[in-house]
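Before any comments, here is the structure.
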Amino acid sequence: MPTVPARPGPFRFDARRTALVVIDMQRDFLEPGGFGAMLGNDVAQLDGVAAQCARLLDWGRGLGLRIIHTQEAHARDLSDCPPAKRARGNLACGIGDAGPLGRVLVEGEPGADFVPECRPLPGETVLRKPGKGAFFATSLEQQLRYAGITHLIVGGVTTEVCVQTTLREANDRGFDALLVEDCTGSYFPEFKRATIEMVVAQGGIVGWAAPLRALLDARD
Ligand code: C5J
């Protein structure tokens, strides 16, 4: 079994029981005019994450890992969008409204689509989710259990929001998860750093973390 030198200790995984989960690599979070920008964030902070996630995807595909792409997007009628989420930020152009990338954070719109570097390939799972965590109001847990998955390798955006929420949800459900440090990004670099530390603190209270190089170099 490959062993990744990680924090707080080695992360051993069986490729047949491991899924690569790439969180929300969507235009709405990475490009000007999307949801992230509408919230007042500097999307340039995420420059480089797509290229890194593309390398991570290449690696996972090469190992035959199950690949899961999550997508934070609401149903077209917004029936799965809590009014509180829609109201948050008091935005002139918020969830469901027409923006430069189509209706903000709505399925089927250009903004909900994946950035070109991280487009799913045929046969890979696309998991639309209405919340921050990938386990909330989705069939992810059932899919993973049916496939015998016990370990997750996680990248994507944003580190302290959807990525961290998903890691915590996974941890509470008994999955061992590793965050790939340089395949995730935040609009707030200090939040990214803090999240990584929170994950690995206390003996890995949430999970493990390692840079992509450590995965690329992992050997049996
Ligand atoms: C946010 C996400 N930041 N994908 N979503 O609202 O992290």
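The values are calculated or read from the model by the stated rules, or taken from the named source; none is laboratory data. This one's a predicted model, so the numbers in the text were calculated from it and none came from an experiment. Here Cβ is always computed from backbone atoms with ideal geometry, including for glycine, and neighbour counts include all displayed protein chains. Ligands, DNA and RNA are excluded from the accessible area calculation, which covers all protein heavy atoms including side chains. Shrake-Rupley method; radii C 1.70, N 1.55, O 1.52, S 1.80 Å.
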Q: First check a/c for the stretch 1-115, with a ≥ b ≥ c the square roots of the eigenvalues of its C-alpha gyration tensor; if it is under 1.5, answer rounded, and if not, answer prolate when a/b is larger than b/c or oblate otherwise.
A: prolate
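Sort 208, 59 by accessible area with a 1.4 Å probe, largest first.
Values: 208 55, 59 35 Å².
Ranked from most to least accessible, the order is 208, 59.
What does DSSP give for the stretch 81-220 in terms of the percent of beta bridges that are antiparallel, rounded to the nearest 5? It would help to have the intermediate numbers written out before the result.
On the way: 2 of 11 bridges.
Bridges in the stretch 81-220 are about 20 percent antiparallel.
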Q) Which value in nm describes the separation of the simple spin-label points at residue 15 and residue 172, placed 7 Å from the Cα toward the beta carbon? A) 3.4 nm
Q. How many nm separate the modelled label positions at residue 194 and residue 139, each set 7 Å beyond the Cα in the direction of the Cβ?
A. 3.8 nm
**Q.** Helix axis angle, 49-63 relative to the chain longest principal axis, alpha carbon, degrees
**A.** 40 degrees
Q) ³J(HN,Hα) across the stretch 183-194 via Karplus (A = 6.51, B = -1.76, C = 1.60, θ = phi - 60°), whole Hz, x for Gly/Pro? A) 10, 9, x, 9, 5, 10, x, 5, 5, 4, 4, 5
(Q) Test of understanding: extend the Cα→C-beta vector of residue 126 to 7 Å, then name every residue of the stretch 22-45 with backbone N under 15 Å from that spot. (A) 22-28
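How large, in percent, is the carbon and sulfur part of the accessible surface of the stretch 109-220 at a probe radius of 1.4 Å? Please list the in-between numbers first.
Numbers: 2600 of 4800 Å².
Ligands and nucleic acids excluded, carbon and sulfur reach 54 percent.
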Q | 222 nm mean residue ellipticity, helices alone, for the chain (DSSP H n ≥ 4; -39,500 (n - 2.57); rounded to 500) | A | -8000 deg cm²/dmol
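What's the ranking of 79-88, 176-185 by average number of surrounding C-beta atoms within 10 Å, highest first?
Those peptides, ordered most packed to least, come out 176-185, 79-88.
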**Q.** Two-site FRET efficiency, residue 147 against residue 201, from Cβ-Cβ distance with R₀ of 41 Å, rounded to 0.05
**A.** 0.85
**Q.** HN-Hα J in Hz across the stretch 18-26 - Karplus 6.51, -1.76, 1.60, θ = phi - 60°, x for Gly and Pro
**A.** 10, 10, 9, 10, 10, 8, 6, 7, 10
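Heavy-atom accessible area per residue, the chain, 1.4 Å probe: how many Å²? Before the final figure, lay out each step's value.
Values: 9530 Å² over 220 residues.
Result: 43 Å² of accessible area for each residue.
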Q: State the dimensionless ratio Rg/Rh of the stretch 50-107 (Rg: radius of gyration of Cα atoms; Rh: Kirkwood radius).
A: 1.17
Q) Given a Förster radius of 35 Å and the C-beta distance between residue 3 and residue 47 as r, what FRET efficiency does 1/(1 + (r/R0)^6) yield to the nearest 0.05? A) 0.65
Q) Averaged over all directions, how much area does the convex hull of the C-alpha atoms of the chain cover when projected, in nm²? A) 11.2 nm²
Q | Solvent-accessible area of residue 107 with every protein chain in place, 1.4 Å probe, in Å² to the nearest 10 | A | 60 Å²
